[in-house]
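What follows is one structure encoded as structure tokens, with my remarks underneath.
Nothing in this text is a laboratory measurement; each read-out follows from the coordinates by a stated rule. This is a predicted model, so every value here is computed, not measured. FYI the Cβ positions are ideal-geometry reconstructions off the backbone, even for glycines, and counts take in every protein chain you see.
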Amino acid sequence: MSGSHKPISSVLIPMQQRPLLIPSTCIAGIQDYSRPEANYPETEWLLGDLDWRGTKIPVVSFERLNQGRFAEFSATNRIAIMHRTSKNDSLPFYAMVVQGIPQPLTLVREEVRNSAEEKGPMEKYRIIMRDVPASIPDLSLVEQKLTSSRDLAVGSCQ
């Protein structure tokens, strides 16, 4: 297959259950965990907002959104600031709670294979990468859920 040996710049993000593998261009930054300002009591996975560079951005729990368990506080918690994969001028960034510092990786396709495990609703694939199980999240779907939940929250306040 032509081009299958082309390296892919990625990031392995430690999570409470299974690490996420995403393109490195999706991460705008990593910061220490600080409790988000709770603004979305009706959504268990939308933890609230935090101030990032003078802008309030929503904080999501991927594990809760993916119907997994999530212990909110841990000594290793960090916040990953995510670039949106889809265009949305009103919300170009969002944040995700992660467990530790993401690890940059350069992979080729031959280092990744599908896993037989059933994937969650917010995952595109479950994979084995260099003998490490990981998930490739469906970031477009996460962003769609985020946008629709925030629109409902704003609408209910008016």
Completion exercise
Applied in sequence order to region 15-30, the curve 6.51 cos²θ - 1.76 cosθ + 1.60 (Karplus, θ = phi - 60°) yields integer Hz couplings, x standing for Gly and Pro, of 10, 5, 9, 9, x, 9, 10, 9, x, 4, 5, 7, 9, 8, x, 10
Handout entry: In range of the label at residue 113: residues from region 4-19 whose backbone nitrogen is under 18 Å from the point 7 Å along Cα→Cβ
Key = 5
Practice task
Can you list which of the trypsin sites (Lys or Arg not before Pro) found in region 21-66 are DSSP loop residues with at most 14 other C-beta atoms within 10 Å?
Solution key: 53
Fill in the blank from the handout: In Å, the C-alpha Rg and Dmax of the chain are 15.9, 55
Handout entry: Calculated over region 36-118: convex hull of Cα atoms, volume per residue (Å³)
Key = 161
Exercise for the section: Using only alpha carbons, build the gyration tensor for region 1-57 and give me the equivalent ellipsoid semi-axes, biggest first, whole Å. Expected result: 31, 15, 11
Practice task
Measure off 7 Å from each Cα along the Cα-to-Cβ vector at residue 103 and residue 69, then give the distance between these two points in nanometres to one decimal.
Solution key: 2.4
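Chymotrypsin sites (Phe, Trp or Tyr not before Pro), restricted to region 63-143: which are DSSP loop and have at most 12 other Cβ atoms within 10 Å?
73
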Handout entry: In degrees, nearest ten, helix 139-156 long axis to first principal axis of the chain (Cα)
Key = 10
